[in-house]
Each structure stands twice: as structure tokens, then as C-alpha cells.
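What follows is one structure encoded as C-alpha cells, with my remarks underneath.
What follows is calculated from the coordinates using simple rules that are stated; it is not laboratory data. Every value quoted in this text rests on a predicted model; they were computed, and no experiment measured them. We place every Cβ from the backbone using ideal geometry, glycine too, and count neighbours over all the protein chains shown.
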Amino acid sequence: MKIGILGTGIVGRTIGSKLVTLGHEVNLGSRTSDNEQGRAWAEQTGARAAHGTFADSAAFGQLLFNCTPGHASLAVLAAAGRENLRHKPLIDVANPLDFSKGMPPTLFVGNDDSLGEQIQRAYPELKVVKTLNTVNCEVMVDPNRVAAGDHTMFLCGNDSGAKASVRELLLGGFGWRDVIDLGDISNARATEALLPIWVRLYGALKTADFNVKVVR
């Protein structure tokens with residue numbers, strides 16, 4: 001599959017590298033086509049890896065990832081181009097973190113709205129699936145880093161077909177064992193709200209290799 005990743009930071013590069021090892025073609029997008037991180041990643045990763053602008057990546061991908069900082073996500077999608085996004089699934093791993101007052105960050109949207117919903121409202125023909133935003137990027141693509149993979153990932157979104165495809169990627173590609181579908185995209189309010197406790201756990205545990213498990 002051709003996959004476009006918006007964002008050349010550590011999250012985008014980590015997910016992109018994993019997808020290439022799974023046999024996918026990946027285009028990593030940034031504001032400019034000469035982005036140093038994107039170019040270095042593509043050179044190191046091999047023939048199935050490429051980089052370009054946000055518009056290049058969005059046009060390339062049959063499936064898209066939003067791996068940008070939450071405060072920049074809507075601007076990045078605008079740069080990607082509405083026509084390049086139309087009817088495509090977008091896995092949104094971003095969080096609405098506000099660092100303007102220092103650490104720990106707060107959320108710039110919550111309770112009765114979410115970043116996932118803002119993206120879906122702005123691009124109604126985009127099939128937004130919120131998932132993976134509750135763990136560190138290395139755990140996203142290798143859940144066995146924590147408790148031999150015995151922990152929980154959530155997803156939500158309005159399009160059942162997109163959610164089914166994303167669930168298949170999480171289980172069959174990334175190796176997740178327990179994926180809970182919370183329902184429509186409004187449930188991104190709940191998963192994004194986990195970030196304040198995640199940040200504090202990171203501070204207490206001194207490692208990002210942790211997650212929650214829903215015990216039935």
C-alpha cells in the first residue's frame with residue numbers, strides 16, 4: 001500500500017520505518033521538499049521510502065497518518081490540500097498539547113470537543129480514525145516493548161470501513177493484541193484526555209515504555 005505520513009519528526013519517522021519493513025511504500029511529508037530530516041530518513045530507509053511536501057505525501061498516500069504537533073495539525077492539512085485528502089482514511093496520532101505555560105502541558109481543547117473532531121469537521125470527506133495517541137511512538141509500532149504486548153489500544157472514528165482497515169493494521173502489522181473501538185470520533189475527547197496522566201506517569205517512571213490495560 002502507498003502511505004503518506006504528514007510530519008518528519010520522531011513519530012513520523014518511527015511509524016514510517018515500521019511501515020516500510022511491513023512492505024509498504026511510504027512518503028514522509030514536511031513543509032518543504034528539501035527537509036533535512038525527511039531526506040536523511042528516505043536515504044537511510046531504502047527504495048520504498050520517499051519524502052516531499054505535505055501535498056506530495058497526501059497525494060501519494062492511499063492511507064494517511066497525521067504525525068504533526070496538535071497545534072499545527074489543521075494548518076498542515078490545509079497545506080496538504082483538500083483534494084489530496086478527499087475520501088482517504090487518516091490515522092490521527094496527534095494530541096492537543098499546549099506548552100505555552102511550560103511543563104506539564106495542558107490541552108488546548110477538551111471536554112466538549114477534541115482535535116480529532118476539529119479535523120473531521122474541517123474535512124468532512126476525510127475518514128479520520130483516532131488511535132495510537134495514548135502511547136510513545138516506539139510502543140505504537142512495537143507493543144511488545146511493554147508487558148509482552150498485554151495492554152490496550154483504543155480507536156474511534158465515524159467510518160466503519162476505515163476503522164476496520166486501521167484495526168487490521170494495528171493487529172496484523174504493528175502487533176497489537178487488544179484494540180477497543182470506542183465508537184464515533186467524539187470519543188477522541190476521552191483518548192486525548194489521557195495525555196495529562198501520561199505526561200505525569202512519564203515523569204514518575206522515567207521511561208516512555210508503559211501503557212494502560214483494560215481488564216474485563
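Do we find that Thr68 is part of a loop (DSSP other than H, G, I, E, B) and out of contact with any Asp or Glu (no Cβ under 9 Å at 6 or more places or on another chain) in this structure?
Taking the combined requirement at face value, the residue satisfies it.
Take the range 173-216 and flag every residue that is crowded, with 17+ Cβ neighbours inside 10 Å, within 20 Å of Thr14 (Cα to Cα) and polar (S, T, N, Q).
Asn211
Select, from Val135, Val139, Val129, the only residue that is assigned to a helix (DSSP H, G or I) and touching a residue at least 40 places away in the same chain (Cβ under 8 Å).
Unique residue meeting the criteria: Val139.
Quick grid of which residues meet (1) surrounded by 24 or more Cβ atoms within 10 Å (Cβ to Cβ); (2) closer than 14 Å to Leu19 by Cα; (3) among the charged types (D, E, K, R):
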position	(1), (2), (3)
Ala55	no, no, no
Gln62	no, yes, no
Asn66	yes, no, no
Ala72	no, no, no
Asn84	no, no, no
Ile91	yes, yes, no
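Suppose the filter is surrounded by 15 or more Cβ atoms within 10 Å (Cβ to Cβ), part of a strand (DSSP E or B) and of a type in the set (Val, Ile, Thr); does Ile15 pass it?
No: the conditions fail for Ile15.
Determine which single condition Val26 fails, assuming it passes every other condition in (1) more than 13 Å from the chain's Cα centre (by Cα); (2) in contact (Cβ under 8 Å) with a residue 40 or more places away in the chain; (3) surrounded by 24 or more Cβ atoms within 10 Å (Cβ to Cβ).
Only one criterion is unmet by Val26, namely (2).
Free of Cβ contacts under 8 Å to residues at least 40 places away in the same chain, under 20 Å from Lys18 (Cβ atoms) and in contact with a Lys or Arg (Cβ under 9 Å, 6 or more places away or on another chain): does that describe Leu170?
Judged against the criteria, Leu170 is not a match.
Identify, from the list Ser73, Ser17, Ser30, Ser114, the residue that is touching a Gly at 6+ places or on another chain (Cβ under 6 Å) and of a type in the set (Ser, Thr, Tyr).
Only one candidate passes the filter, namely Ser30.
Within the range 23-38, is there a residue that is within 22 Å of Arg82 (Cβ to Cβ) and assigned to a helix (DSSP H, G or I)?
Within the range 23-38, not a single residue is within 22 Å of Arg82 (Cβ to Cβ) and assigned to a helix (DSSP H, G or I).
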